[in-house]
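The values are calculated or read from the model by the stated rules, or taken from the named source; none is laboratory data. What you see is a predicted model; the values in this text were computed from it and never measured. In this analysis, Cβ positions are derived from the backbone assuming ideal geometry, glycine residues included, and neighbour counts consider all displayed protein chains.
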């Protein structure tokens with residue numbers, strides 16, 4: 001029973017700390033004078049993806065056996081899978097709920113019938129869709145190379161890990177230098193900093209302190225959350241392998257999911273989507289580079305299946321974005337790929 005209680009407590013702690021984190025990181029972006037989208041793709045993504053990267057680093061560098069190090073490889077594959085499916089799906093579901101509440105509010109106020117779901121508009125203009133697709137176009141080829149390297153063995157494969165770090169460096173530089181040319185103000189103005197609620201323009205030390213403090217809470221609560229899932233899995237009759245492949249990735253990506261929920265609630269949809277796509281870029285490069293440098297980076301059937309499902313989800317999102325048909329409902333469909341992954345694991349793990 002204690003594990004279930006701690007699971008709920010950790011989830012609440014992660015949500016509340018994420019609410020303070022997104023508040024701080026928006027002000028941090030203002031202080032650093034980076035583009036609004038870079039706040040999501042770089043600053044927020046880096047902060048929330050840091051715990052998972054640390055987990056991978058510890059696993060691949062301190063694991064006593066190849067099997068122990070392979071935990072880091074699993075984390076490097078599970079992260080992008082959860083983001084490309086569950087994180088996008090939850091964001092779509094939150095957008096559906098938000099639009100439904102708005103339609104009901106209009107109906108209650110004016111008596112005019114709400115817009116039917118099939119007539120919902122896409123998530124932004126054609127330019128917005130192009131901007132959203134850009135991160136996926138970065139991610140997909142890198143991820144394909146990442147999966148392909150897990151199927152082959154050759155002497156200098158570990159050195160290729162450095163190329164993944166270089167790929168993220170190029171992406172990082174492009175996002176930071178992108179400025180505000182593609183950004184427009186989305187949703188309400190910045191809310192007052194939680195640490196200085198009465199200050200119209202908070203002090204730099206307060207912005208940095210709130211950012212770091214919330215990251216510490218997110219990191220600790222996320223790790224405790226994963227440990228509770230590891231304990232609850234066997235209680236529910238789930239094997240360690242199923243728990244590691246199905247539940248743990250969702251737990252480690254919970255901060256990104258919470259960030260997206262908070263930004264959707266605040267009316268900042270593009271920031272929510274940018275946080276997920278930016279975190280995916282980190283997950284596709286940094287943990288992969290560490291895995292290549294310190295492990296065999298050899299995939300079994302389950303890891304290969306996770307890679308194929310991740311690529312299928314991204315191709316689906318890219319096609320809908322390019323056709324300018326990415327609606328909340330179609331975004332929610334991305335979660336279905338995770339269900340497909342779970343069903344495919346049944347024969348693999350038998």
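Summary of computed values
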{"item": "Flag for residue 273 being surrounded by fewer than 22 Cβ atoms within 10 Å (Cβ to Cβ) and either closer than 23 Å to residue 42 by Cβ or touching a strand residue (DSSP E or B) at 6+ places or on another chain (Cβ under 9 Å) (or both)", "result": "no"}
{"item": "Test: residue in segment 323-332 that is touching a residue at least 40 places away in the same chain (Cβ under 8 Å), assigned to a helix (DSSP H, G or I) and over 14 Å from residue 123 (Cβ atoms)", "result": "no"}
{"item": "Sole residue being out of contact with any strand residue (DSSP E or B) (no Cβ under 8 Å at 6 or more places or on another chain), within 15 Å of residue 248 (Cα to Cα) and touching a residue at least 12 places away in the same chain (Cβ under 8 Å), chosen from 43, 7, 57", "result": "7"}
{"item": "Residue identified as at pLDDT 75 or above, surrounded by 17 or more Cβ atoms within 10 Å (Cβ to Cβ) and under 30 Å from residue 303 (Cα atoms) among 24, 75, 38", "result": "75"}
{"item": "Residue among 335, 312 that alone is under 19 Å from the mean Cα position of the chain (by Cα), within 14 Å of residue 253 (Cβ to Cβ), at pLDDT 90 or above and surrounded by fewer than 23 Cβ atoms within 10 Å (Cβ to Cβ)", "result": "335"}
{"item": "Some residue of segment 88-106 being under 14 Å from the mean Cα position of the chain (by Cα) and within 22 Å of residue 171 (Cβ to Cβ)", "result": "yes"}
{"item": "Condition met for residue 281 (part of a helix (DSSP H, G or I) and crowded, with 24+ Cβ neighbours inside 10 Å)", "result": "yes"}
{"item": "Criterion violated by residue 255 - all others in (1) at pLDDT below 90; (2) surrounded by fewer than 20 Cβ atoms within 10 Å (Cβ to Cβ) satisfied", "result": "(2)"}
{"item": "Filtered residue count, segment 291-305, keeping only those that are surrounded by fewer than 24 Cβ atoms within 10 Å (Cβ to Cβ) and assigned to a helix (DSSP H, G or I)", "result": "7"}
{"item": "Candidates 318, 271, filtered to the one that is under 15 Å from the mean Cα position of the chain (by Cα) and under 26 Å from residue 175 (Cβ atoms)", "result": "271"}
{"item": "Failed item in (1) modelled with pLDDT of 80 or more; (2) surrounded by fewer than 23 Cβ atoms within 10 Å (Cβ to Cβ), with residue 82 passing the rest", "result": "(2)"}
{"item": "Residue in segment 252-260 that is over 26 Å from residue 35 (Cβ atoms) and more than 20 Å from the chain's Cα centre (by Cα) present", "result": "no"}
{"item": "Hits in segment 177-232 - residues which are part of a helix (DSSP H, G or I) and modelled with pLDDT under 75", "result": "226, 229, 230"}
{"item": "Any pair with Cβ under 8 angstrom, 6 or more apart, that starts in segment 231-247 at a residue that is over 16 Å from residue 303 (Cβ atoms) and ends at one that is loosely packed, with under 15 Cβ neighbours inside 10 Å and modelled with pLDDT under 65", "result": "233/239; 233/240; 234/240"}
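Every residue, every condition in (1) closer than 22 Å to residue 171 by Cβ; (2) out of contact with any helix residue (DSSP H, G or I) (no Cβ under 7 Å at 6 or more places or on another chain), yes or no:
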| site | (1), (2) |
| --- | --- |
| 3 | no, no |
| 12 | no, yes |
| 16 | no, yes |
| 20 | no, no |
| 26 | yes, no |
| 37 | yes, no |
| 40 | yes, no |
| 43 | yes, no |
| 48 | yes, no |
